[in-house]
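Here the structure is laid out as structure tokens; the discussion comes afterwards.
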Amino acid sequence: MEINILDRSNYLKGLMVLSRKDNYLSQREREILKQVGKTLGFEKRFIESAINDLMVNKYLTEEPIEFSEKYVAESFIKNGILLATSDGKLDKREASYLWKVANLNGIPKDNFLRILSDFGQYSVDEKIFEEIFDSAHVA
């Protein structure tokens with residue numbers, strides 16, 4: 001499965017945005033970002049520099065990422081869930097961002113929740129998602 005350069009760049013950017021949503025970057029999150037960046041073909045020095053500047057980078061926009069293919073978005077959601085739960089919890093801001101990306105890329109609520117249950121490392125408070133879905137007017 002080939003991912004174009006724009007999607008690869010947006011994939012890494014989106015994970016970086018996600019990782020700073022809870023205002024804390026754990027060592028495990030750093031490791032995941034490095035591994036995903038390497039898998040996507042980015043140079044080690046670039047990845048490390050981006051991670052080191054992550055929490056203070058004012059040019060990293062917070063908008064949800066739109067991908068060219070749905071399978072890339074689904075892969076992003078899976079990696080995003082693993083990243084977001086790697087510190088033992090899923091913050092409401094992380095959950096909201098993941099849902100916005102899923103919604104923007106045409107991933108239905110049921111598929112999103114299935115991915116969440118399949119790839120979440122920890123139990124997730126479903127009330128978080130009820131609030132997120134309610135605020136987005138999702139049935």
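Coordinate-derived values only; no laboratory data. Here the structure is a predicted model, which means the values were calculated and not measured. Quick reminder, even Gly has a Cβ in these numbers, built from the backbone with ideal geometry, and neighbours come from all protein chains shown.
General observations
- For GluC sites (Glu not before Pro), the sites in region 1-42 that DSSP calls loop and that have at most 16 other Cβ atoms within 10 Å are E2.
- Long pairs among K70/K100; K38/K109; K13/K100; K34/K109; K38/K92; K44/K70, criterion Cα-Cα beyond 25 Å: K38/K109; K34/K109; K38/K92; K44/K70
- For region 7-110, the list of chymotrypsin sites (Phe, Trp or Tyr not before Pro) that fall in a loop by DSSP and count at most 10 other C-beta atoms within 10 angstrom reads Y59.
- The loop-placed GluC sites (Glu not before Pro) in region 52-97, going by DSSP, that have at most 15 neighbouring Cβ atoms within 10 Å of their Cβ come out as E62, E66, E69.
- The candidate values are (i) 19.1; (ii) 21.7; (iii) 7.9; the one derived from this structure for mean projected area of the Cα convex hull in nm² carries the label (iii).
- Helical runs assigned H by DSSP (4 residues or longer) give the chain a calculated mean residue ellipticity at 222 nm of -19500 deg cm²/dmol, each run adding -39500 (n - 2.57) before division by the residue total.
- Over the chain, relative contact order from alpha-carbon pairs under 8 Å, at least 6 apart, %: 27
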